[in-house]
1. In percent, how large is the relative contact order of region 31-167, given Cα pairs closer than 8 Å and 6 or more residues apart?
2. How long are the three semi-axes of the equivalent ellipsoid of region 27-169, in whole Å, if each is the root of 5 times an eigenvalue of the C-alpha gyration tensor, listed from largest down?
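What follows is calculated from the coordinates using simple rules that are stated; it is not laboratory data. Remember, it's a predicted structure, so these values are computed and weren't measured experimentally.
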């Protein structure tokens with residue numbers, strides 16, 4: 001193998017390893033921190049500005065349930081399965097300096113709302129055909145009945161929390 005081919009192969013492998021190494025922490029995180037940079041404004045105006053940041057969730061699709069066969073039905077119980085989606089509600093943190101109006105020792109006000117886990121299920125559909133399973137009383141032929149359809153309701157579960165506070169810098 002020529003030295004240029006080896007160099008090219010080493011460069012490609014290094015690039016792939018760097019891309020995989022950089023992507024792994026981003027995929028493993030549930031939220032992405034989003035700081036709001038106000039340092040330049042703070043220095044140019046010579047003021048104490050609030051410190052603001054947030055967290056944005058990453059949507060993680062789950063695996064839908066497989067078909068559930070019910071005795072006496074020709075179509076599985078959930079024709080269009082519900083898909084679970086796991087994510088988080090966005091988070092927020094803000095701290096702002098206060099003048100000495102409230103009293104001594106209270107130099108800042110803060111709000112912290114951490115990202116809360118969010119569990120959801122998409123809507124689903126359950127359908128039943130107008131034909132029954134083979135009926136032995138009618139020589140093994142299916143009988144007619146009214147078709148039925150049901151919409152499976154979506155699900156949304158979360159428990160957000162937050163904290164308000166006064167404190168010193």
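1. 23 percent
2. For region 27-169, the semi-axes come out at 59, 14, 10 Å.
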